[in-house]
1. Is it the case, given these coordinates, that Val160 is of a type in the set (Val, Ile, Thr), in contact (Cβ under 8 Å) with a residue 12 or more places away in the chain and either in a loop (DSSP other than H, G, I, E, B) or within 30 Å of Leu220 (Cβ to Cβ) (or both)?
2. Go through the range 1-39 and report how many residues are open to solvent by less than 10 Å² (accessible area, probe 1.4 Å), assigned to a helix (DSSP H, G or I) and of a type in the set (A, V, I, L, M).
3. Which of the numbered conditions does Gln190 fail, given that it passes all the others? Conditions: (1) exposed (fewer than 13 other Cβ atoms within 10 Å of the Cβ); (2) in contact (Cβ under 8 Å) with a residue 12 or more places away in the chain.
4. Listed residues Val522, Val528; which is touching a residue at least 12 places away in the same chain (Cβ under 8 Å) and over 26 Å from Gly228 (Cα atoms)?
5. Tally up the residues in the range 327-367 that are assigned to a loop (DSSP other than H, G, I, E, B) and either in contact with a Gly (Cβ under 6 Å, 6 or more places away or on another chain) or over 27 Å from Ile438 (Cβ atoms) (or both), please.
6. Which of the residues spanning the range 77-96 are under 23 Å from Val563 (Cα atoms), of a type outside the set (Val, Ile, Thr) and open to solvent by 30 Å² or more (accessible area, probe 1.4 Å)?
Amino acid sequence: MNWSGLLVQLLGGLASASSLFMVAAGLSLIFGVTRIVNFAHGSFFMLGAYLAWSLTRWLGAGLGFWPALLLAALAVGVLGALVEVLLLRRIYKAPELFQLLATFALVLVIKDAALWLWGPEELLGPRAPGLAGSVTVLGRQFPSYDLLLIVAGPLVLGGVWLLLTRTRFGTLVRAATQDREMVSALGVNQAWLFTAVFALGAALAGLGGALQLPREPAHLEMDLNTIGAAFVVVVVGGMGSLPGAYLAALLISLVKALCVWLGVVTLAGHDINFSKATLVVDFAVMAAVLIWRPWGLLGRPQAPSRATGEAEAPLRRAGPAYRAALAVLALALVAVPWLARSDYTTVLATDLAVAALFAASLHFIMGPGGMHSFGHAAYFGLGAYGAALALKNLGLPMEATLLAGPLLAALAALVFGWFAVRLSGVYLAMLTLAFAQIAWAVTYQWDELTGGSNGLTGVWPAEWLTSGMDGGARYYWLTLALVAVGLWALRRLLFAPFGYALRAGRDAPLRAEAIGIDVDRVQWVAFVIAGLFAGAAGALYAYSKGSISPESMAVGKSIDGLVMVLLGGVHALAGPVVGAVSFTWLSDAVARHTDYWRALLGAVMLVLVLLFPDGIAGGVQKLARRFAR
């Protein structure tokens with residue numbers, strides 16, 4: 001064993017932990033006080049790096065280096081305050097998870113703004129003055145700047161801890177973390193408290209990005225690469241616990257360093273490459289911690305919110321007018337291949353149908369079930385891979401593989417759901433993300449079975465669907481029919497006794513348990529049903545594209561599903577279908593007309609968020625009820 005190499009790797013892990021902690025600390029503060037799941041926090045980290053690069057060029061890489069880093073963090077903090085005042089303050093009365101949609105739209109806008117300002121190239125920053133060299137540790141060279149980062153993490157932790165424990169502002173922040181409704185009832189200006197906390201959290205993320213510049217060039221993927229790791233650290237440490245966040249950052253970074261040091265190890269005649277485990281080790285640690293301690297290492301159960309909000313209207317069966325509109329819509333959808341001017345329209349309509357089923361499966365557990373999932377793409381991808389492998393490796397006909405894929409996804413949901421339903425809120429959501437990332441990592445690295453990063457090709461529909469001039473139309477009609485059956489089945493389940501029991505467990509779990517409903521079991525079954533239909537959508541997707549890759553079960557696909565459900569309206573039965581069609585069509589239309597399609601798509605989503613705080617379908621339903629009165 002090379003112990004000097006281990007020490008150097010562990011020191012590098014400590015340096016990485018400091019940067020990661022700064023991002024996670026700001027994220028933890030923002031969520032603890034505002035309850036916003038801020039997907040844009042990684043964008044603040046990215047902007048900190050870009051602004052530090054620009055300021056070091058303006059102020060100089062010598063004496064101006066350190067002021068440039070501090071000014072970059074301050075500028076990001078000011079930007080965070082503007083975001084909170086101009087956008088988030090307007091939607092605080094919306095459902096808490098719905099605010100996630102606004103922060104995701106911000107990610108798209110900020111990414112294209114950075115592309116326009118700094119270009120697509122990686123920008124390498126200057127070395128820190130006086131710390132450009134290295135020191136010798138047991139005969140090995142270790143960067144001097146990393147030693148500074150090792151010290152910076154505890155210093156930031158100490159400074160923020162003093163702010164929170166020795167000032168009136170800190171007292172208010174800690175009180176709001178525990179019970180923000182009571183803080184407001186005591187006369188505290190909650191709006192400005194939220195603004196100050198958001199600015200502080202953004203500044204910490206910007207500082208982390210600025211300090212990372214000498215180690216890593218600024219690039220456009222820093223936002224998404226960072227936000228996942230930051231969420232993991234916050235959840236593992238415990239929501240609202242800064243010492244917990246630092247402990248989690250240390251734990252995850254040191255475990256990653258240990259995996260790199262171990263490299264390839266032979267056990268029982270089999271070579272195990274621990275270096276590959278770095279792709280997923282943080283999510284594996286998070287899953288283990290949440291199963292063992294559901295509130296994180298140093299976290300505590302969150303106080304229940306006293307905000308009653310607007311009561312959700314009970315579900316109503318479709319009336320004659322609604323059914324007539326559905327019949328007209330169905331006829332129009334069937335006629336798409338005949339009315340389309342090009343084959344691309346049929347392909348897009350197929351994508352819209354698949355997206356609708358995927359979003360409806362997620363809505364089944366998010367809306368009526370009240371269980372938020374950040375990893376639903378795992379079942380979509382497993383359904384796609386299950387169908388593809390059954391076709392290519394087992395030689396099954398396409399018709400049989402359309403059953404095999406969803407069954408594989410349902411089996412995975414059966415296993416993952418057993419653990420997930422024992423948690424709630426953001427902890428449940430992050431555990432689903434952990435399971436999804438583990439499934440993605442296995443798929444990405446199992447070259448012999450899944451094709452690794454290249455995926456599987458040659459997944460084509462049966463000959464009776466592709467022969468003739470209308471081959472593409474035949475597969476579209478098959479997809480449309482299966483999606484319609486899936487949507488009908490999900491809706492039918494919600495009006496069955498199972499659906500009433502599911503909503504009872506969401507709205508009043510204690511009362512539901514008191515009348516004999518096994519809430520955990522009902523939610524577990526709902527999880528499996530959602531996985532089954534997501535797998536069906538994935539199998540249809542694989543045949544529509546002729547191939548499948550690990551990207552189909554990556555984090556981005558799960559975020560797409562969340563956006564679809566929230567954009568349409570999580571409390572409206574038509575919401576996932578409306579959201580899926582709107583988001584998929586907008587993405588396609590915008591991407592074909594401008595290079596800065598993300599910014600335009602994000603701006604459109606922000607407008608929709610402000611106009612329809614309950615989602616498009618939810619907003620239309622509310623207007624319809626208002627006119628009916």
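The values are calculated or read from the model by the stated rules, or taken from the named source; none is laboratory data. Here the structure is a predicted model, which is why all the values come from computation and not from measurement. Don't worry about glycine lacking a Cβ; one is built from the backbone with ideal geometry, like all the others, and counts go over all protein chains shown. For the accessible areas, the whole protein counts, side chains as well, though only heavy atoms, and no ligand, DNA or RNA atoms are used. Shrake-Rupley method; radii C 1.70, N 1.55, O 1.52, S 1.80 Å.
1. Taking the combined requirement at face value, the residue satisfies it.
2. 9
3. Only one criterion in (1) exposed (fewer than 13 other Cβ atoms within 10 Å of the Cβ); (2) in contact (Cβ under 8 Å) with a residue 12 or more places away in the chain is unmet by Gln190, namely (1).
4. Result of the check over Val522, Val528: Val522.
5. Residues in the range 327-367 being assigned to a loop (DSSP other than H, G, I, E, B) and either in contact with a Gly (Cβ under 6 Å, 6 or more places away or on another chain) or over 27 Å from Ile438 (Cβ atoms) (or both): 4 in total.
6. As a first pass, look at the range 77-96 and keep what is under 23 Å from Val563 (Cα atoms): 80, 83-96.
Next cut, of a type outside the set (Val, Ile, Thr) only: 80, 84, 86-90, 92-96.
The answer is Leu86, Arg89, Arg90, Tyr92, Lys93, Pro95, Glu96.
Table: residues versus (1) open to solvent by less than 60 Å² (accessible area, probe 1.4 Å); (2) farther than 22 Å from Leu562 by Cβ.
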{"position": "Leu394", "(1), (2)": "no, yes"}
{"position": "Met398", "(1), (2)": "yes, yes"}
{"position": "Leu407", "(1), (2)": "no, yes"}
{"position": "Ala412", "(1), (2)": "yes, no"}
{"position": "Gly417", "(1), (2)": "yes, no"}
{"position": "Val426", "(1), (2)": "yes, no"}
{"position": "Trp440", "(1), (2)": "yes, no"}
{"position": "Trp446", "(1), (2)": "no, yes"}
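Okay, residues lined up against (1) farther than 20 Å from Gly5 by Cβ; (2) open to solvent by 70 Å² or more (accessible area, probe 1.4 Å):
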position: Thr136; (1), (2): no, yes
position: Gln141; (1), (2): no, yes
position: Ser144; (1), (2): no, no
position: Val160; (1), (2): yes, no
position: Leu164; (1), (2): yes, no
position: Thr167; (1), (2): yes, no
position: Gln178; (1), (2): yes, yes
